Amino acid sequence: MSNIPETGRTTRVKIRLVILQILVVSLLLTLGGRLWFLQIRDGQQYTAEANSNNIQQVVVPAVRGSILDSRGVPLADNETKLVVTVSRTSMLSQEDGGVSVLTRLAGVLGMTYQQIADKVRLCDAKTPPPCWNGSPYQPIPITDTATTQQALQIMERREDFPGVAAQPTAVRHYGSPSGASAAQVLGYTAPVTDQEIQSSMKDGQPTLTRSDQVGASGLEHTYDSQLRGTDGITRYTVDNRGRVIGEANDTPAKAGSTLITSIDSRVQALTEQQLNLAMVDARKTYDPVTHKNFKADSGAAIVMNVHTGQIIAMASEPTYNPNEWVGGISEKDYKALTGAASDYPLLNRAIQGQSAPGSTFKVVSTSAAAQAGYDLGASDYPCTSSFNIGSQVFHNDENESYGNISIGRALEVSCDTVFYGLAYQQWLKDGGNHPKDPKDWFYKTAHEFQLGQTTGVDLPGEVPGRIPDRKWKQDFYDAMKTTWCKEAKSAKHDYVTDIAREDCADGYVMRAGDSVNYAIGQGDTLVTPIQEAKVYSALANGGTLYQPTIGKAVVSPDGKKVSVIKPKAVGRLPDSKATLKYINQALEGVITEGTAAWKFGGWPQDKIPLHAKTGTAEVYGKQSTSWFSTYSKDYAIVMTISQGGTGSGGSGEAVRHLYEALYGVHGSTIDKSKALLPNPEAPLPRIGAGGVVQQSSDVLPATAPARLPAADATFLNTPGGSGLPPVAGTLAALPPDRNEKLLLGRRYQT
């Protein structure tokens, strides 16, 4: 008889079934618990995330605010252009991925298929430009130079161009009706970088998106947050394949604010022209030292309001057209602007070009002499043809000798040996090579003039210049000792190697040669044109040092809020009223009977007193740098030309033309009706309804004569009283064979 139960199940089978039942129940309980967790406990969170996955945002760029001159004339504005865009989503939804549509579009626009395909592909780590770094749901711009005929072809044949649109769009435009470029002042916009997106974080969210254009340099960069406005957002509902199935809601864009500057576009255009013409003329001038014509490879000019520090004009050469950046710059154009052969036109030489100031620095040395106790009224300072320190001979310019003269007369005729003597005596008083509690008046005074530091001008990238005092010498020695001592072991005996041997031994010591060279603006001293304009403005206004500014006011899009940027006094010169008067009289003498007199014959000095200091800075391995720093009761004008010759010879005529235009001077007579800007203190332009800034009526067409007539202001009598000769198109092409390192300096002893 069998022991098998009637059910046919053994004990082992029963146990297995029980275990299986337990496993099934456990799995069901786990699944149920997980469903409860997802649908009930965290249901709202996952529902929201699911919904958000079905919403895609498209950024509607805000219209960027305008940059205007002091009269309301646009310097950087927006112009309407026909922009052709392609919807990437629409292309992907087509059977061939949009190849046929893009091919037809290329034929209409005169482009190749690959050029368009590259623009609509998405940027990533492996995809080089051109590519699209914005939202894939954003219409992607293909060109902003479409003609009306091309746009009509696209819009009239919509069935052949699904996902393609051609519509008027605001595009950035640079330039004024008077022909002013102001390229380095205005700057340009460029696509936002990942670093900028990260730095824009606010409350855990970036305020910038990948499709944004931001200010990359100049005023566009400094005032980017005000000019950029707030982008709008259109939200679309999409299905799980990314196809748009409806519109959710949108947030309208808010236009950027308007920036009113202190720049006068007429003066700006004239300054650019005169700097360029001065460089062209310098290249025609023979250099007796190198026996070649001067290269005049770069330069800068500034016109500043001496009572506020506001900049009326700022020019830099070589220059460029900022419109090249609009819509994205090509690789070819970018290399042309940044390669060594270009001489780096993106640099703003007015704030980034630093070089030895030459004799224009002697106003600082005169102030230092007064503080050190030297008698400015005495006339017994020997102006000899040379000055000896041991076996080293320091020569006066062209070995001139004027006998015993005053310090003021030394400023007028730019006598180096008088300042050599002053600096050498002070060096001895301070202890020579073994100083004991040195007073260092010549270095201390330069710091009191706020040299060796940035001016704080509202432009990015300003460099500080350099005052080579004892601390700087020690720091520089510590950094360079190893290099110098390595060079010193060479068997060569050229200038560079001999200097390295000296510096290796005791480069930290303030030598007598360092001090006397420093007193005439040579040696390791570096200044920028903006620093010179700040100093000479202070001499003109009675001693107040102002922070240079270009921004004058920010106007909200609706015009209801006007934020005025007030002038800011940041210090005073260390001079007494008597010292300032003494320096002013000497600098007036430079115009009437000193080193600039040959360029200012017949100037109405009794009615419009001008003051000036010329400078010819020697640079090792190069031709001399021309400096000409001047001021009137209203303006300071500084012009400098690298490898441009003497101060007055390189820039004297150009600076005179600027003063003639500003004041309406013709020969020795003054006609205020022809004055371009007889008074720099002008109110803000009128702001109308809706934030519209009313510009002056005296705007000129951009056509140009070959050049300005010498010492002739009749051209100022233009229709509407604008006072500016049209100057567009007069910038001469500059030779590409230059390689000036503006941001470096090296001691040069005469």
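The values are calculated or read from the model by the stated rules, or taken from the named source; none is laboratory data. Keep in mind that what you see is a predicted model, and the values were worked out from it rather than measured. Positions of Cβ are generated from backbone atoms using ideal geometry, with glycine treated the same way; all protein chains shown enter the neighbour counts. To get the accessible areas, we keep the full protein, side chains included, count just its heavy atoms, and leave off ligands, DNA and RNA. Shrake-Rupley method; radii C 1.70, N 1.55, O 1.52, S 1.80 Å.
Heavy-atom accessible surface of TYR663, to the nearest 10 Å², is about 20 Å², with a 1.4 Å probe and all protein chains retained. Accessible surface calculations at 1.4 Å, restricted to protein heavy atoms, place the chain at 46 Å² per residue. In this structure, the residue pairs whose Cα-Cα separation is over 21 Å, taken from LYS295/LYS622; LYS362/LYS439; LYS613/LYS672; LYS81/LYS119, are LYS613/LYS672. Work out the length of the dipole vector of the chain about its Cα centre, built from +1 on the beta-carbon of each Lys and Arg and -1 on the beta-carbon of each Asp and Glu, and round it to the nearest 20 debye. Approximately 1920 debye in magnitude. Put a dot 7 Å past the Cα of SER100, heading toward its Cβ, do the same for ARG121, and the two dots end up 2.4 nm apart. Can you tell me the orientation of helix 265-282 relative to the chain, as the angle in degrees between its alpha-carbon axis and the longest Cα principal axis, to the nearest 10? Taking the Cα atoms of the chain, the angle to 265-282 is about 60 degrees.
If both residues of a DSSP beta bridge must be in the chain, then about 95% of such bridges are antiparallel. Using the basic label-point model (7 angstrom from Cα toward the beta carbon), what is the THR497 to ASP437 distance in nanometres? Between THR497 and ASP437, the label points sit 4.6 nm apart. Ranking ALA519, ASN348, ASN305 by Cα position along the charge dipole of the chain, where only Lys, Arg, Asp and Glu carry charges on their C-beta atoms, puts ASN348 farthest toward the positive end.
A helix-only calculation puts the chain at -9500 deg cm²/dmol for mean residue ellipticity at 222 nm, using -39500 (n - 2.57) for each DSSP H run of at least four residues, averaged over all residues. For region 619-625, backbone phi angles converted through the Karplus equation (6.51, -1.76, 1.60; θ = phi - 60°) give residue-by-residue couplings of 10, 4, x, 9, 6, 5, 8 Hz, Gly and Pro being listed as x. The alpha-carbon of LYS202 sits under 18 angstrom from the alpha-carbons of these aspartates and glutamates, leaving out residues fewer than 8 places away in its chain: ASP194, ASP212, ASP224, ASP231. When each of the peptides 476-488, 291-303, 601-613 is scored by the mean number of other C-beta atoms lying within 10 Å of its residues, the order from highest to lowest reads 291-303, 601-613, 476-488.
Axis of helix 43-53 versus longest Cα principal axis of the chain: the two differ by about 60°, to the nearest ten degrees. Note on LYS292: aspartates and glutamates with a C-alpha under 17 Å away, same-chain residues under 8 apart excluded, are ASP281, GLU618, ASP737. Ordering ASN276, ALA253, PRO288 by Cα displacement along the dipole of region 245-295 toward the positive end leaves PRO288 in first place; charges were set at the Cβ atoms of Lys, Arg (+1) and Asp, Glu (-1).
Annotation: amide H-H contacts under 5 Å for TYR635 (H modelled 1.01 Å from N, sequence separation of 5 or more, or interchain): VAL306.
A Förster distance of 30 Å, applied to the separation of the beta-carbon atoms of VAL570 and THR483, puts the FRET efficiency at 0.25.
Using r as the Cβ-Cβ distance of LYS292 and VAL393, and R0 as 22 Å, what FRET efficiency do you calculate, to the nearest 0.05? Calculated transfer efficiency: 0.25. Compared with the dominant principal axis of the Cα atoms in the chain, helix 577-592 is inclined by about 80°. Highest mean first, the peptides 421-432, 395-406 sorted by other C-beta atoms within 10 Å per residue fall in the order 421-432, 395-406. Of all lysines in the structure, the ones whose alpha carbon falls short of 22 Å from that of LYS560, not counting any fewer than 8 places away in one chain, are LYS254, LYS552.
Using a cutoff of 8 angstrom between alpha carbon atoms and counting only pairs six or more residues apart, the relative contact order for the chain works out to 15 percent.
Each Lys and Arg adds +1 at its Cβ and each Asp and Glu adds -1 at its Cβ; summed about the Cα centre, region 285-379 shows a dipole of about 120 debye.
So how far, in whole Å, is the C-alpha centre of region 15-30 from the one of region 626-657? A separation of 97 Å, based on Cα centres.
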